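The values are calculated or read from the model by the stated rules, or taken from the named source; none is laboratory data. Just so it is clear, the structure is predicted and the values come from calculations on it, not from any experiment. In this analysis, Cβ positions are derived from the backbone assuming ideal geometry, glycine residues included, and neighbour counts consider all displayed protein chains. Ligands, DNA and RNA are stripped out before the accessible areas are found, and what is left, the full protein with its side chains, is counted by its heavy atoms. Shrake-Rupley method; radii C 1.70, N 1.55, O 1.52, S 1.80 Å.
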Amino acid sequence: MLLNTNFLKFHRFSLLLVFSCILFYISFAYGLVRTDYIKLIMLYAALFYLFYKLTISNKNAITFLFIISFLLRFIFLFALPNLSQDFYRFIWDGRMILEGINPYLFTPESFISKGVFPVYQAQELYNGMGILNGSHFTNYPPVNQLCFVIAGLFAGKSILGSAIVMRIIIILADLGTFYFGKKILEKLNIPIHNIFWYILNPFVIIELTGNLHFEGVMIFFLVWSLYLLQSRKLKFSAIILALSISVKLIPLIFLPLLFKWFVKPSDHFKSLQKTSKFIRPDENNKAVMSNNYKIQGIAKLMYFYSIVGLTTLVLFLPFYSSEFIINYTKTVALWFQDFEFNASLYYIARAIGYLVTGYNEISIIGKIIPILVVLVVIAIALFRKNKTLPGLITSMLLVLSFYYFTSTTVHPWYIATLLILSVFTRYRFPLIWSFVGILSYLAYTNSDNTENLWIIALEYTIIYSFFIWEVFIKKATKNGSLKIH
């Protein structure tokens, strides 16, 4: 075992770092309010430094880092989230379903304003989620709703109990992400310790385990699906990807990138080209065989898409109604045409709109953004080499980065998906983003939660500087993995 006498002797410094982490995480989980920005920034900066030192100092001590990663998560087990109030809505939705009420058809406000309390602790949950959340229809897909229902089943009359159940689900998802992420790294011959840039990252521990954001569950299914795709288990990969989409819709953006993964010459055809004396001189025969393989690839792609689509539809089916479609599409549209938070390029476009028209042109800009994103996705799907898993994941990272760069709303926990994708690539700008993203919480230091645009500018200056340096300036290392010393 690693934790023997020799390990204690030669890893005293690491154990000191772990002890410091434990103390800081306890303070973060049980002694912090998000308006105390000085304490928030100092604790987070200290934890990030400790995480960095632990990771680079114990690259070969995988078991040790694994134990520490999950030990630190359990510090949050009995704490209510202190940086986000979304979990109150999660509990509300789960209890609504258990009462036989479709949460997609009613807003919490529609009940509370009429003095109707459909779930236990309804008023307390409504007060906790806030007026903005309570006045909108839920946007959480069905597998996410299942997690809320499980919390309601095991702790239907306790807010803390529900939080504990949801936290255990997220921790288990992180365990699965570690398992399949490690397998992918082994297949790609990338250092296994890379997985700890995600698993041990205080951003992930605080935002997902601590604040109960279910990106962790979505990421688990996404990584599992990628592992199955690499293993050529297409049917199961498609089903698991549909589960990921049914936790958070964001993996939908990756579907077009699979085009070249499927529509490419098979290994069998490549071997024939290299070894067959019959094929070499006959270019027409080679062209015919190549076209046949492309047709087969397109058929496989359509088969994959069909399974993803059908599975997703089946998962949504229990909630289906005409009202559901209207409510859900309106709620999703809010992220493009109403909500604004921690944006970058959008804020520049908004400022230009103010100069030209004197008004906030979010309704116009919000319609242009999806078009730009679709065009970029199509371009990357057609022109980048997505025929290998590293190439595919790199394209996924770039596409999602562009989406967040242009988005009107970028909550800190959104970056978790970028972070896990970066683990399998040579890029580390999401790691920088996971550090400076904490600056977005400074918006909550005032009573009206207004953002300081100078702080936002500082945050994105750091992010864009590192992004441009990595993507356009720095050369790829020999193994396709950026080493951090």
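Tell me yes or no: at least one residue of the range 62-72 is farther than 21 Å from SER20 by Cα and part of a helix (DSSP H, G or I). It would help to see each step written out before you state the result.
Step one: filter the range 62-72 for residues farther than 21 Å from SER20 by Cα, giving none.
No, the range 62-72 has no match at all.
Which one of SER225, SER231, SER162, SER158 is surrounded by 24 or more Cβ atoms within 10 Å (Cβ to Cβ), of a type in the set (Ser, Thr, Tyr) and free of Cβ contacts under 8 Å to residues at least 60 places away in the same chain?
From the options SER225, SER231, SER162, SER158, the qualifying one is SER225.
Quick one: how many residues across the range 72-110 are without any contact (Cβ under 8 Å) to a residue 40 or more places away in the chain, of a type in the set (A, V, I, L, M, F, W, C) and open to solvent by 30 Å² or more (accessible area, probe 1.4 Å)?
Total satisfying the criteria: 2.
Inside the range 234-247, can you point out the residues that are open to solvent by less than 10 Å² (accessible area, probe 1.4 Å) and farther than 22 Å from TYR328 by Cα?
Residues satisfying the conditions are SER237, ALA238.
Looking for whichever is open to solvent by 10 Å² or more (accessible area, probe 1.4 Å), aliphatic (A, V, I, L, M) and without any contact (Cβ under 8 Å) to a residue 12 or more places away in the chain here; the options are LEU375, LEU431. Which one fits? Show your work before the answer.
Values: LEU431 fails: without any contact (Cβ under 8 Å) to a residue 12 or more places away in the chain.
After applying the criteria, what remains is LEU375.
Need at least 2 residues that are modelled with pLDDT of 95 or more per element, so show me which helices (runs of 4 or more DSSP H) inside the range 1-57 make the cut, counting only ones lying wholly within it.
The helices (runs of 4 or more DSSP H) meeting that bar are 12-30, 37-57.
For the range 27-54, give me each residue that is under 20 Å from PRO191 (Cα atoms) and buried (at least 20 other Cβ atoms within 10 Å of the Cβ).
PHE51, LEU54
Those residues that are farther than 17 Å from THR408 by Cα and of a type in the set (Val, Ile, Thr), I need them from the range 428-460; list them, please.
ILE432, VAL436, ILE438, THR445
Could you list all residues from the range 177-196 that are open to solvent by less than 10 Å² (accessible area, probe 1.4 Å) and either in contact with a Leu (Cβ under 8 Å, 6 or more places away or on another chain) or among the small types (Gly, Ala, Ser) (or both)?
The answer is GLY181, ILE184, ASN194, ILE195, PHE196.
Looking at GLU361, GLU340 in this structure, which one is under 22 Å from the mean Cα position of the chain (by Cα) and surrounded by 13 or more Cβ atoms within 10 Å (Cβ to Cβ)? Show your work before the answer.
Values: GLU361 fails: under 22 Å from the mean Cα position of the chain (by Cα).
Of the residues listed, the single one that is under 22 Å from the mean Cα position of the chain (by Cα) and surrounded by 13 or more Cβ atoms within 10 Å (Cβ to Cβ) is GLU340.
Looking for something open to solvent by less than 10 Å² (accessible area, probe 1.4 Å), under 25 Å from LEU301 (Cα atoms) and among the polar types (S, T, N, Q) - is there at least one such residue anywhere in the range 402-416?
No, the conditions are met nowhere in the range 402-416.
When you go through TYR414, TYR404, TYR444, TYR427 one by one, which is the residue that is hydroxyl-bearing (Ser, Thr, Tyr), out of contact with any strand residue (DSSP E or B) (no Cβ under 7 Å at 6 or more places or on another chain) and at pLDDT below 95?
So the residue among TYR414, TYR404, TYR444, TYR427 that is hydroxyl-bearing (Ser, Thr, Tyr), out of contact with any strand residue (DSSP E or B) (no Cβ under 7 Å at 6 or more places or on another chain) and at pLDDT below 95 is TYR444.
Just the residues that are in a helix (DSSP H, G or I) and free of Cβ contacts under 8 Å to residues at least 24 places away in the same chain, please, taken from the range 334-359. Reasoning before the result, please.
Narrowing the range 334-359 to residues in a helix (DSSP H, G or I): 334-337, 345-357.
Matches in the range 334-359: ILE348, ALA349, ARG350, ALA351, ILE352, GLY353, TYR354, LEU355, VAL356, THR357.
Need the failing condition index for TYR120 against (1) surrounded by 19 or more Cβ atoms within 10 Å (Cβ to Cβ); (2) in contact with a Lys or Arg (Cβ under 7 Å, 6 or more places away or on another chain), just the number.
Tallying (1) surrounded by 19 or more Cβ atoms within 10 Å (Cβ to Cβ); (2) in contact with a Lys or Arg (Cβ under 7 Å, 6 or more places away or on another chain), TYR120 fails exactly one: (1).
Sort through ILE463, ILE420 and tell me the only one that's buried (at least 22 other Cβ atoms within 10 Å of the Cβ), over 16 Å from the mean Cα position of the chain (by Cα), at pLDDT 95 or above and aliphatic (A, V, I, L, M).
Values: ILE420 fails: over 16 Å from the mean Cα position of the chain (by Cα).
Exactly one of ILE463, ILE420 is buried (at least 22 other Cβ atoms within 10 Å of the Cβ), over 16 Å from the mean Cα position of the chain (by Cα), at pLDDT 95 or above and aliphatic (A, V, I, L, M), namely ILE463.
Does ASN446 satisfy being without any contact (Cβ under 8 Å) to a residue 24 or more places away in the chain, surrounded by 13 or more Cβ atoms within 10 Å (Cβ to Cβ) and not aliphatic (A, V, I, L, M)? Write out each step before concluding.
Numbers: without any contact (Cβ under 8 Å) to a residue 24 or more places away in the chain: yes; surrounded by 13 or more Cβ atoms within 10 Å (Cβ to Cβ): no; not aliphatic (A, V, I, L, M): yes.
Taking the combined requirement at face value, the residue does not satisfy it.
Are there helices (runs of 4 or more DSSP H) fully within the range 248-328 with at least 3 residues that are crowded, with 17+ Cβ neighbours inside 10 Å and at pLDDT 90 or above? List them.
Working: elements: 259-262, 267-275, 283-316.
Output list reads 259-262, 283-316.
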